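The values are calculated or read from the model by the stated rules, or taken from the named source; none is laboratory data. Computed from a predicted structure; not experimentally measured. A quick note on method: Cβ atoms are made from the backbone with ideal geometry, for glycine too, and the neighbour counts reach across all protein chains shown.
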Amino acid sequence: MVIAIDGPGGVGKTTVTRRLATLLGIEYLDTGATYRAAAVAALRGGVDPHDEPAVLAAVQSSEIAYEDGVIFLDGEPVVAATRSEGVTKAVTPVSAHPRVRQHIVALQRQWVADRGGQAVVEGRDIGTVVFPDALVKVYLTASPEVRAARRAGDTEASQLSVSEIAADLHRRDHADSTRQASPLRKAEDAVEIDTSVMDVEEVVAAILELVAEGRTGSNAEEIEGTGS
């Protein structure tokens, strides 16, 4: 059972994914962390993030692992490094390279296979590319204002104003949705959930209902909170 959680930054993917995995008693994978680790590998190798062959070589010569919510590069936990300003800037071009994505997607699929095919997986192309046959596919959204406010609480954004964060989110959205390889988009059979006025437990409860029904949302629909 794979549950695919997609959406842009600041919509609550990570928090929802972790809570959902805990309640279901299965593991979760933050695929964004694997791309950030790839960016760390490139930067440590002195590679230009825009140079696809060089980035691919750096990533292929490195070991990226994800265990208990911690990302490792060559056996070293690199959570702090993946959230540095340099990596945050480099991850967009690194993750846009088709051959790099192909390598990382294979890693992500193997990670889930090693866990018996049972996982909650979050990212930007999970329901469309990585696990198109996932039992449940969810696409989380939120208003730009809410997303920026949420990101303001993140460590890597602590020195930025909300308006600067909003501009950065817009830039990343554009880059992710227009890239050639695996662009950010909602899968046709994904259920869209607007988290703007929903708390974590409400979002998780909505997804658990989909899991109980055992469906991917083949009948397109949207779920919105009431704000009550």
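Taken over segment 155-167, the residue count meeting the criterion of being acidic (Asp, Glu) and either modelled with pLDDT of 70 or more or farther than 18 Å from Val11 by Cβ (or both) is 1.
Taking the criterion of being touching a Gly at 6+ places or on another chain (Cβ under 7 Å) and either surrounded by 16 or more Cβ atoms within 10 Å (Cβ to Cβ) or in the same structural domain as Gly69 (by TED's automatic domain parsing) (or both), would at least one residue in segment 116-123 satisfy it?
Scanning segment 116-123, I find at least one residue that is touching a Gly at 6+ places or on another chain (Cβ under 7 Å) and either surrounded by 16 or more Cβ atoms within 10 Å (Cβ to Cβ) or in the same structural domain as Gly69 (by TED's automatic domain parsing) (or both), so the answer is yes.
If I filter segment 102-113 for residues that are free of Cβ contacts under 8 Å to residues at least 60 places away in the same chain, crowded, with 20+ Cβ neighbours inside 10 Å, touching a helix residue (DSSP H, G or I) at 6+ places or on another chain (Cβ under 7 Å) and of a type in the set (D, E, K, R), do I get at least one hit? Within segment 102-113, none of the residues are free of Cβ contacts under 8 Å to residues at least 60 places away in the same chain, crowded, with 20+ Cβ neighbours inside 10 Å, touching a helix residue (DSSP H, G or I) at 6+ places or on another chain (Cβ under 7 Å) and of a type in the set (D, E, K, R). Out of contact with any Leu (no Cβ under 8 Å at 6 or more places or on another chain), among the acidic types (Asp, Glu) and farther than 16 Å from Thr141 by Cα: is that true of Glu209 in this structure? Yes, satisfied. Residues in segment 136-184 that are farther than 19 Å from Asp30 by Cβ and part of a loop (DSSP other than H, G, I, E, B): 10 in all. Taken together, the residues in segment 13-40 that are surrounded by fewer than 24 Cβ atoms within 10 Å (Cβ to Cβ) and small (Gly, Ala, Ser) amount to 4.
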